[in-house]
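Please read the structure below before turning to the comments.
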Amino acid sequence: MGARSIGARAVSVMLPSLVLLGMAGGSLLAAPAASAAESAAAPVARSSYTGIEWRRADADDFDPGLLIGDEEFFDSDSLTSAEIQDFLESRSCRPADGVDCLADYRETTPDVPDVGFGHCKAYAGDAWEAASVIIAGVAHACGINPEVLIVLLQKEQSLITRPSASGYERATGYACPDTADCDQEYFGFFNQVYNAAWQFRQYTLYPTDRQVEVGEDSIAFNPDAACGSALVDVQNQATANLYNYTPYQPDEAAIGNLYGDGGDCSAYGNRNFWRIYTDWFGDPTNDRYPAWLGPCFTDPLARACDGAYWESSPAR
């Protein structure tokens, strides 16, 4: 499941006709619901993108200490909204509950302001935005690879291949702990995508005093403490981010049956993230970022780095 901690700047849908933003010590910003006329919005952009590397994951390649490289995780320009749209349309989709496939999903989104160094930059909301535009916009605002967000949507709710009404409400598993009900305040596709990316940014900006940090950590196999844990040499911040969001590692049974079920103590979240990413976008591992980004994202006082990585705006 998704992140356990909920920050003060989280986005929430409070009324069925509005998308609202709650800010600590601030006011609520609202975007009006789409009208019937807005429902006939212009078609989303498409591209001739063919850069997806299709492959099948191999269990021998799985390293619990390196789920994804930092360069990969923070590459917010990896896909434009048109390329995301092409990708969504390329996947086999069998929706439930009469909902749209993600390639056809639209939602009115709010304006979200930039509140300071190291946090997500401003998001310009719009009426009846396509899911591909939302994913690209949030990725750019928060400096997170849109491929990471796509895989997160599939890993948490199978939203790309088997979308459902409850899946759209809980899209990224944000505020959905394994041991309690989801917090309904954070339901909704935009809320979930934005808050997941925001949470990854918080983990990165403030990496210390987390459950999992870069270095050697004891990581559980399952929410049931009786299933035990094992030490993992967490090699980079991106991998720490994933473990803080979903704090379990796969056991031998889960890795031994990479595309199926393991044992009674198996947990699959981070296994599935790595496997889906590998299947859909190729090997996610590469060099950890301190070698090439320095303190820009680990030291909140390194203000000379402000905007150094995700300053340019990709086509949405």
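Sorted ascending by nearby beta carbons within 10 Å, beginning with the fewest, Glu71, Glu216 become Glu216, Glu71. Residue by residue, region 220-237 carries 3J(HN,Hα) couplings of 6, 8, 6, x, 6, 4, 5, 6, x, 8, 8, 6, 10, 8, 6, 8, 7, 5 Hz when phi is fed to the Karplus relation 6.51 cos²θ - 1.76 cosθ + 1.60 (θ = phi - 60°); x denotes Gly or Pro.
Full extension of the chain segment joining Ala253 with Ser166 gains 28.4 nm, where the gain is 0.36 nm per residue of separation less the Cα-Cα distance. Taking amide H positions as modeled 1.01 Å from N, with prolines and chain starts lacking one, the residues under 5 Å from Asp75 and 5 or more places away or on another chain are Asn145. Rg and Dmax of region 141-231, based on Cα coordinates, read 14.6, 40 Å.
Cβ crowding within 10 Å, taken as a proxy for footprinting-reagent exposure, orders His140, His119 from fewest neighbours to most as His119, His140.
Taking amide H as placed 1.01 Å from N in the peptide plane, Ile68 has its amide H under 5 Å from the amide H of Thr239, each at least 5 places away in sequence or on another chain.
Subtracting the Cα-Cα distance of Arg55 and Asp233 from 0.36 nm times their residue separation leaves 61.4 nm of extension gain. For Glu89, Glu147, Glu72, the sequence from fewest to most other C-beta atoms within 10 Å is Glu89, Glu72, Glu147.
Since every read-out is calculated from the coordinates, none of them should be taken as a lab result. Everything numeric here is computed off the predicted structure, so don't read it as measured data. Because the Cβ atoms are built from the backbone with ideal geometry, glycine has one as well, and the counts that use them run over all protein chains shown.
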